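I have placed the structure first, in the form of structure tokens, so that the comments after it can refer back to it.
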Amino acid sequence: MPASTETDTPRPAAAKMGQRANAADRHVGARIRERRVMMGLSQQQLARMIGVTYQQAHKYERGLNRISAGRLFEIAQVLNVAVSWFFEGLADESEPSEISPRQRMCLELARNFALIDNEKHQEALSQMARALAAQSLAENPERELAVEPEERH
């Protein structure tokens, strides 16, 4: 049997670094998807805006293909966030997590709200959400509101 070479067996430190890099790629991809959905954009629209194919945009979001610094900067500009936004929460994660059903629902709600072009309908929906939240808070006083209601002018 031939002697094992360095290329035959990966060093543990190198394997660990590769795992972290892949986790970072998946995290950044998930954040791109999150922001894209929040903005109500399809993968096709995002791909067109950053000058790549739909398949490439899909691979970016899945963390299958790495994103160059220049491309990430371009994506940040298109999605109207700082480049650092894509890395928020990365240090806190030991393993990237899939989006929860509740997070998915919130993103879908935000996307659909953004698609409503009638301001009166948006305001009515916002008021209904505030009323339902106030009712839930009254029924469960131990819960706190995460965001203070917007001040009326």
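The values are calculated or read from the model by the stated rules, or taken from the named source; none is laboratory data. Everything numeric in this text was worked out from a predicted model, so none of it was measured. All Cβ positions, even for glycine, are placed from backbone atoms using ideal geometry, and neighbour counts span all protein chains on display. Calculation scope for accessible area: heavy atoms of the full protein, side chains included, ligands and nucleic acids excluded. Shrake-Rupley method; radii C 1.70, N 1.55, O 1.52, S 1.80 Å.
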Does any residue of the stretch 25-39 turn out to be part of a loop (DSSP other than H, G, I, E, B) and open to solvent by less than 40 Å² (accessible area, probe 1.4 Å)?
-> no
Exception for Phe86 within (1) farther than 30 Å from Met128 by Cβ; (2) free of Cβ contacts under 8 Å to residues at least 24 places away in the same chain; (3) of a type in the set (Phe, Trp, Tyr) falls at (2)
Selection over the stretch 112-140 where residues are open to solvent by 70 Å² or more (accessible area, probe 1.4 Å), under 23 Å from Arg35 (Cα atoms) and aliphatic (A, V, I, L, M) yields a count of 1
Residue hits (the stretch 40-70; surrounded by fewer than 16 Cβ atoms within 10 Å (Cβ to Cβ), within 16 Å of the chain's Cα centre (by Cα) and among the aliphatic types (A, V, I, L, M)) are Leu64
For the stretch 103-126, the count of residues that are modelled with pLDDT under 85 and either farther than 21 Å from Leu41 by Cβ or in a loop (DSSP other than H, G, I, E, B) (or both) equals 0
